[in-house]
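One structure is given here, and the rest of the page talks about it.
The values are calculated or read from the model by the stated rules, or taken from the named source; none is laboratory data. Keep in mind the model is a prediction, meaning the values are calculated, not measured. Don't worry about glycine lacking a Cβ; one is built from the backbone with ideal geometry, like all the others, and counts go over all protein chains shown. Accessible surface is based on the protein model in full, side chains and every heavy atom, while ligands, DNA and RNA are left aside. Shrake-Rupley method; radii C 1.70, N 1.55, O 1.52, S 1.80 Å.
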Amino acid sequence: MNHLTIQAPAKINYLLDVIRRRSDGYHDLRMIMQRVNLCDDITITLNETSDLTVTCGKNGVPDGPGNIAWKAARTMLDLAGSKLGATISITKNIPVAAGLGGGSSDAASVLMGMNELLGLKLSDQRLMEIGVKLGADVPFFIFKQTALAEGIGEQLKPMPPMPEAWVLLVNPGVHVSTAWVYKNLQLTNQRELTKLPEFFSTVEDVCAILSNDLEEVTIPAFPVIADIRSSMLRMGALGAMMSGSGPTVFGLFRDKDTAEKAREALTEDSDWFAVTVKTL
Ligand code: ATP
């Protein structure tokens, strides 16, 4: 086998607590991360030429060595000591720099795909160790379960079974730099962390814990995020919040119809990216 097609899903954060700033510039976090079925499509074909090419043809995403998927493939070829090359093509369906983890998910999929194609048989644990060097969110996409993520996001524990939800994603397309958000975050000492329940039976139980410390930086700079969030709640979302460092807002709905009606209303007079998806 020298060819593989893979789907790389997006994520949303049900919870994002920033615990402390670390001396290495990263932050210790506590997150609940959930995958949704909005996916980039990736094809990998091994070849005999030793060339590695990544093409994705999307504005704001580099082709070639600047692409995180290229770095993932290079790492695996080097680890295998292989003289082969690969042609990787990515169709980006996940908005870029949106707080949805698209780049990290592409990298995770390429690590898993190359592991299979090269017959390396590395464990998921080993792939996660390789992945965290590419990006803090990469291990989560190898973990493949709803997770409580601590440390910089690489210490992963499975969450108890979470109820399925319909998720409306709306991205107003404003440019938010993740580095800028963390730089401008004012950390308060000795805050009480929300106690997490042991079970989540209903979508309402999930909505009860929604919180994202980064909203307090991103929303004052981009009030449209708060507007989208309140519109979603008005239109029947059981809960709504910004994902990651933004600007994508997600709303949780019990049924697809209400989510779709909200999507139609929110995009009537805008060119926002908006899609109804499901939790995975
Ligand atoms: P983060 O919160 O880590 O910034 P994000 O989900 O908000 O993640 P991504 O879509 O992963 O953002 O993109 C972050 C940056 O990574 C973009 O500016 C983009 O140029 C770069 N990048 C490199 N490779 C990829 C890729 N395969 N897909 C998306 N972005 C990529």
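If you wrap the tightest convex hull around every Cα atom of the chain and split its volume per residue, you get 129 Å³. Counting heavy atoms of the protein chains alone, Asp24 has an accessible area of about 80 Å² for a 1.4 Å probe.
Per residue, the stretch 3-158 exposes an accessible area of 40 Å² to a 1.4 Å probe, with every protein chain left in place.
Placing +1 on the Cβ of every Lys and Arg and -1 on the Cβ of every Asp and Glu, with no other charges, gives the stretch 122-228 a dipole of roughly 360 debye about its Cα centre. Of the cross-linked pairs Lys58/Lys83; Lys11/Lys256; Lys144/Lys195; Lys144/Lys278; Lys11/Lys157, which ones have a Cα-Cα span greater than 22 Å in the structure shown? In this structure, Lys58/Lys83; Lys144/Lys195 exceed 22 Å between Cα atoms. So, in Å, what gap is there between the alpha-carbon centers of the stretch 112-167 and the stretch 31-99? Value for the Cα centre distance between the two parts: 16 Å. Which residues does the label zone of Asp205 cover in the stretch 245-268, counting backbone N under 18 Å from a point 7 Å along Cα→Cβ? It comes to 252-255, nothing else.
Principal-axis analysis of the Cα atoms of the chain puts helix 68-80 at an angle of about 40° to the longest axis. Among Ser270, Ser109, Ser89, the largest mean-square fluctuation in a Gaussian network model of the chain, built with springs joining Cα atoms closer than 10 Å, belongs to Ser270. Placing unit charges on each Cβ (+1 for Lys and Arg, -1 for Asp and Glu) gives the chain a dipole about its Cα centre, and among Phe199, Leu4, Met128 the Cα reaching farthest toward its positive end belongs to Met128.
Here the stretch 3-158 is treated as an ellipsoid with the same Cα gyration tensor; its semi-axes, largest first and in whole Å, are 26, 17, 14.
Binning the C-alpha pair distances of the stretch 166-278 at 5 Å intervals from 0 yields a P(r) profile of 2, 12, 21, 21, 18, 14, 8, 3, 1 %, listed from the shortest bin outward.
Taking only protein heavy atoms and a 1.4 Å probe, the accessible area of the chain is 50% carbon and sulfur. Considering only Gly103, Gly246, Gly64, the Gaussian network model of the chain with Cα springs below 10 Å gives its largest mean-square fluctuation to Gly64.
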